[in-house]
Amino acid sequence: MLTRKQYELLTFIDSHLRQTGTSPSFEEMKEALDLRSKSGIHRLISALEERGFLRRQHHRARALEVIRLPELAAAGERKPARGFAPNVIEGRFAPRLAGVSAPAEAAGESVQLPLYGRIAAGTPIEAMNDDSRRIDVPAAMLGGGEHYALEVAGDSMVDAGILDGDTVLIRRGQTAENGQIVVALVDDAEVTLKRLRRRGNSIALEPANQLYEPRILPAERVRVQGLLVGLMRRY
């Protein structure tokens, strides 16, 4: 499954190749996907290469080859990038995650939270928008506000006790204090679970694993989508 931005870029490149016989420039791709910087395009291309959808011909400038298309596009349902209705959460996804509020009187009961796919605790990925999955959570683990759950993929938060395969409980919100672990949206395209620290006009997304380096970004490129409030694990 591709993220919305990955799908948009792949179909845009495919359409451009078919119409012109050449690959689009990074500037054209940036404008087509309405991204702020070309670095986002580099990350998307790398992700498509890793998934076997795209190949870079490194000996030629602006040379990209589409290896295969997702099932929808392969079936002849190609659409313009802006018109794609994805099965992943786009852009500012927090308002689209229908959280559940835990009523105070249910303190001794369980609450069913929506479980939205996997969130990277390593390389950022987008969370899957699957409304069909639910998880029972003790109401006592939740405070005020709306909550949802995400599965963790990756090992960059292991020193904070968050392991690959864990389920994290998130309270929806758009603000955070320094040092809190948050769901962060980067460049309106990538979602990751990291510790947030502000450094002047920049934000550092810090892993809790010495094998990984903090990611420091301009503050305007990062949006807080929720705060970590709990964790559940199956043995």
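FYI, it's all coordinate maths here, none of it is from the lab. In this text the structure is predicted, and so the values were computed from the model without any measurement. Every residue, glycine among them, receives a Cβ derived from its backbone with ideal geometry; neighbour counts consider all protein chains shown.
Phi angles across the stretch 187-202 convert, under the Karplus curve 6.51 cos²θ - 1.76 cosθ + 1.60 with θ = phi - 60°, into 3J(HN,Hα) values of 6, 6, 9, 10, 10, 8, 10, 8, 7, 9, 9, 8, 10, x, 8, 10 Hz, Gly and Pro given as x. Full extension of the chain segment joining Met232 with Arg133 gains 34.1 nm, where the gain is 0.36 nm per residue of separation less the Cα-Cα distance. The separation of the stretch 157-235 from the stretch 35-58, counted between C-alpha centres, amounts to 23 Å.
If R₀ is 25 angstrom, what is the calculated FRET efficiency for the pair Asp164 and Gln112, using the beta carbon separation as r and rounding to 0.05? Taking R0 as 25 Å, the efficiency between Asp164 and Gln112 is 0.55. With a ≥ b ≥ c the root eigenvalues of the C-alpha gyration tensor of the stretch 1-54, is it rounded (a/c under 1.5), prolate (a/b larger than b/c) or oblate? It comes out oblate by the Cα gyration axes.
Need one word for the stretch 127-235: rounded, prolate or oblate. Basis is the Cα gyration tensor (sqrt eigenvalues a ≥ b ≥ c); a/c below 1.5 gives rounded, then a/b vs b/c decides. Note, shape of the stretch 127-235 comes out prolate.
Scanning residues 5 or more positions from Glu146 or on other chains, those with amide H under 5 Å from its amide H are Arg172, with H placed 1.01 Å from N in the peptide plane.
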